[in-house]
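Working notes, beginning with the structure itself.
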Amino acid sequence: MMDIKEVFVEDAEVIAHLIREVNKPVAKEFGITPDNCPKHPSCCEKRWVEADFKRGERYLMLTENTLPVACVAYETKTMASEKAGANKAYLNRLSVLPEHQNKALDWR
């Protein structure tokens with residue numbers, strides 16, 4: 001069964017691991033390493049995710065039978081320059097494990 005839930009800073013290592021795993025195929029294909037591109041998502045560290053939380057980002061995680069398969073960070077802001085009460089959302093670090101990509105993910 002698939003489930004989407006909000007996760008918190010206590011899950012930073014799980015989130016970082018998921019982001020690294022999702023981005024490993026691209027890193028391998030293009031020869032990306034921590035030495036030549038230390039900020040590539042395949043090098044994601046727990047402290048990066050902790051910094052996201054400190055900046056006010058929140059994370060959602062999709063699990064299948066309680067195992068993480070995808071995550072996304074998001075931030076919402078009311079923009080003063082927009083119409084009163086208008087909101088904008090920003091998505092970051094959208095990560096879906098390769099075996100779940102290009103599929104319809106169904107959750108309840």
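The values are calculated or read from the model by the stated rules, or taken from the named source; none is laboratory data. What you are looking at is a predicted structure, and each value in this text was computed from that prediction instead of being measured. Cβ atoms come from the backbone with ideal geometry, glycine included; neighbour counts cover every protein chain shown.
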Residue list for segment 53-66, restricted to those being among the acidic types (Asp, Glu) and in a strand (DSSP E or B): Glu64
Could you please tell me which pairs satisfy a Cβ distance under 9 Å, a separation of 6+ or placement on different chains, a first residue in segment 25-46 that is in contact (Cβ under 8 Å) with a residue 40 or more places away in the chain, and a second residue that is aromatic (Phe, Trp, Tyr) and surrounded by 13 or more Cβ atoms within 10 Å (Cβ to Cβ)? Pro41/Trp48
Check on Val69, aliphatic (A, V, I, L, M), closer than 28 Å to Ala104 by Cα and assigned to a helix (DSSP H, G or I): no
Take segment 28-52 and flag every residue that is assigned to a helix (DSSP H, G or I) and surrounded by fewer than 18 Cβ atoms within 10 Å (Cβ to Cβ). Lys28, Glu29, Phe30, Lys46, Arg47, Trp48, Glu50, Ala51
Taking segment 87-108, which residues are exposed (fewer than 15 other Cβ atoms within 10 Å of the Cβ), among the polar types (S, T, N, Q) and modelled with pLDDT of 90 or more? Asn92
Are there any pairs with C-beta distances below 7 angstrom linking a residue in segment 59-72 that is without any contact (Cβ under 8 Å) to a residue 40 or more places away in the chain to a residue that is in a strand (DSSP E or B) and surrounded by fewer than 17 Cβ atoms within 10 Å (Cβ to Cβ), with the two at least 6 apart or on different chains, and if so which? Val72/Leu60; Val72/Leu91; Val72/Leu94
Can you tell which of Asn65, Asn23 is buried (at least 16 other Cβ atoms within 10 Å of the Cβ) and touching a strand residue (DSSP E or B) at 6+ places or on another chain (Cβ under 9 Å)? Asn23
Hey, Ala16 hits all of (1) touching a residue at least 40 places away in the same chain (Cβ under 8 Å); (2) buried (at least 17 other Cβ atoms within 10 Å of the Cβ); (3) assigned to a helix (DSSP H, G or I) but one; which does it fall short on? (1)
Qualifying positions in segment 63-86 - at pLDDT 95 or above and within 10 Å of the chain's Cα centre (by Cα): Ala70, Cys71, Val72, Ala73
Contact list, first residue from segment 88-106 and among the polar types (S, T, N, Q), second anywhere and at pLDDT 90 or above and not in a strand (DSSP E or B), beta-carbon distance below 8 Å, six or more apart or interchain, is Asn92/Asp52; Asn92/Glu57; Ser95/Leu18; Ser95/Ile19; Ser95/Val22; Ser95/Asn23; Ser95/Pro41
